[in-house]
1. Could you tell me whether LEU91 is touching a Ser or Thr at 6+ places or on another chain (Cβ under 6 Å), assigned to a helix (DSSP H, G or I) and within 15 Å of SER246 (Cβ to Cβ)?
2. Identify, by number, the condition in (1) of a type in the set (A, V, I, L, M, F, W, C); (2) assigned to a loop (DSSP other than H, G, I, E, B); (3) under 22 Å from SER203 (Cβ atoms) that VAL151 doesn't meet.
3. Looking at segment 324-339, which of its residues are more than 16 Å from the ligand (Cβ to nearest atom) and surrounded by 18 or more Cβ atoms within 10 Å (Cβ to Cβ)?
4. Is one or more of the residues making up segment 198-209 out of contact with any helix residue (DSSP H, G or I) (no Cβ under 7 Å at 6 or more places or on another chain), assigned by TED's automatic domain parsing to the domain that holds GLY65, within 16 Å of the ligand (Cβ to nearest atom) and not polar (S, T, N, Q)?
5. Go through segment 288-309 and count every residue that is surrounded by fewer than 22 Cβ atoms within 10 Å (Cβ to Cβ) and of a type outside the set (S, T, N, Q).
6. Residues in segment 81-104 that are away from the ligand (no atom under 14 Å from the Cβ) and surrounded by 22 or more Cβ atoms within 10 Å (Cβ to Cβ): how many?
7. Anything in segment 105-164 that is of a type in the set (S, T, N, Q), surrounded by 18 or more Cβ atoms within 10 Å (Cβ to Cβ) and more than 12 Å from the ligand (Cβ to nearest atom)? List them, or say none.
8. Conditions: (1) more than 14 Å from the ligand (Cβ to nearest atom); (2) in contact with a Lys or Arg (Cβ under 9 Å, 6 or more places away or on another chain); (3) not basic (Lys, Arg); (4) not in a loop (DSSP other than H, G, I, E, B). SER231 meets all but one. Number of the miss?
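The values are calculated or read from the model by the stated rules, or taken from the named source; none is laboratory data. Every value quoted in this text rests on a predicted model; they were computed, and no experiment measured them. Heads up, the Cβs are rebuilt from the backbone with ideal geometry, glycines too, and the neighbour counts pull from every protein chain shown.
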Amino acid sequence: MTSETPPTPNGTPNATLCATAQIGVDSAYGAVIPPLYLSSTYKFEGLGKIGAYDYGRGGNPNRDGLAQAVAQMEGGADGVVTASGMAAIDLVLNLLAPEQLVIAPHDCYGGTQRLLNARQQQGRLRVQFIDQSDAAAIANALGQNPAMVLVETPSNPLMRLVDIARLADAAHGVGALLVCDNTFLSPARQRPLTLGADLVVHSATKFLNGHSDVVGGIAIAKTKECAKRLSWWANCTGTTGAPFDSYLILRGLRTLHARMDVQEANATKIAHFLEAHPRVSAVHYPGLPSCTGFAIAKKQQSGPGAVLSFTLNTNRDGLGAFLANTGLFQLAESLGGTESLICHPASMTHRAMDQDAQARAGIGSTLLRLSVGLERNEDQVSALKTMFAAL
Ligand SMILES: Cc1ncc(COP(=O)(O)O)c(C=O)c1O
């Protein structure tokens, strides 16, 4: 399924694309919301006559409808819906020949680091983790003939930003593909393919679905040719997502812009509250002028998003006291749902990284990450005040 016309880079058409994703496309009964196709197999029209679908691993209307909707929003040719965000990243790695080099950020999601390290140990690829905000490190890595540069911007959990257009140009200069993990912002706030990236990956578990009730992923390619290669691999390895999960993600996707607007406004107020707090030594949020990535955010994002992290000025006991009563902030991994979450990356999301890797990435022992939800902002701030009072 392919979107021929990329949407304009203006927020309003993208918001409309989002709200109307796959609305009114049912040709069987005119259902406004597309039905759920659970069938694993489809009838042939006759000997050698395959219809639009034949077998659910390779193709399914709900999965394809979701892929088409997100591809349109990202400005890509087409995409593949996968069983998780990790499956989407692994799917993209199939584009590499054996032992080709991948350049990845040293502070990327811990699961991504684990996957790349494991694939390297198998001899499937080579990986080099670098600080992608360091121009000399990038120049050095690009000099080693990489085949793929993976970018995560904003990064998880330190919200470091990478200039996508600049890195895409540099990667293309040495013949490498640029892949961008757009999980933290979603196409409601950043569209890497329009900035020069070749592929976008998402943990659809996060903002795309937005309700913390599905694990899913999606890989979007800029060109039809690349999308076809991804589809081939997805069918070959059976990594495709389930129809019901795709149905739910599409349902969540339609409110993405509305959710992001409110959650981002809440996150901005919380970032200012934290920045002014004496027990906070650093706030990482691209909406703050004090954030190192502020200028890049202005250039390539249409908003700072709804995730931030901050360093608490305390020790291990203080951290325990702070997290003992988190109120409406659930102490849980993940992000991008309607509910607010608080997470301690060192012991939760990033525990797959050993201590050295955490230290190199700057993930300190009192760093906390917030995914800001839809609750009334006053109630969110009041929950944070209760946590600070326990210090
Ligand atoms: C930036 C990023 N990419 C990829 C993933 C992996 O996604 P999933 O948990 O859906 O496999 C995550 C998960 O937290 C993430 O934060």
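1. On the way: touching a Ser or Thr at 6+ places or on another chain (Cβ under 6 Å): yes; assigned to a helix (DSSP H, G or I): yes; within 15 Å of SER246 (Cβ to Cβ): no.
In short, no.
2. Every listed condition holds for VAL151 apart from (2).
3. Narrowing segment 324-339 to residues more than 16 Å from the ligand (Cβ to nearest atom): 324-329, 338.
Listed by number, the residues that qualify are THR326, PHE329.
4. Looking for residues that are out of contact with any helix residue (DSSP H, G or I) (no Cβ under 7 Å at 6 or more places or on another chain), assigned by TED's automatic domain parsing to the domain that holds GLY65, within 16 Å of the ligand (Cβ to nearest atom) and not polar (S, T, N, Q), one finds at least one in segment 198-209, hence yes.
5. The number of residues fulfilling the criteria is 8.
6. Our first condition is that a residue be away from the ligand (no atom under 14 Å from the Cβ); within segment 81-104, this holds for 94-103.
Restricting the remaining residues to those that are surrounded by 22 or more Cβ atoms within 10 Å (Cβ to Cβ) gives 102-103.
Within segment 81-104, residues that are away from the ligand (no atom under 14 Å from the Cβ) and surrounded by 22 or more Cβ atoms within 10 Å (Cβ to Cβ) number 2.
7. First pass over segment 105-164, keeping only residues of a type in the set (S, T, N, Q): 112-113, 117, 120-122, 128, 132-133, 140, 144-145, 153, 155-156.
Next, from what is left, pick out any that are surrounded by 18 or more Cβ atoms within 10 Å (Cβ to Cβ): 112-113, 132-133, 153, 155-156.
Selection gives GLN132, SER133.
8. (2)
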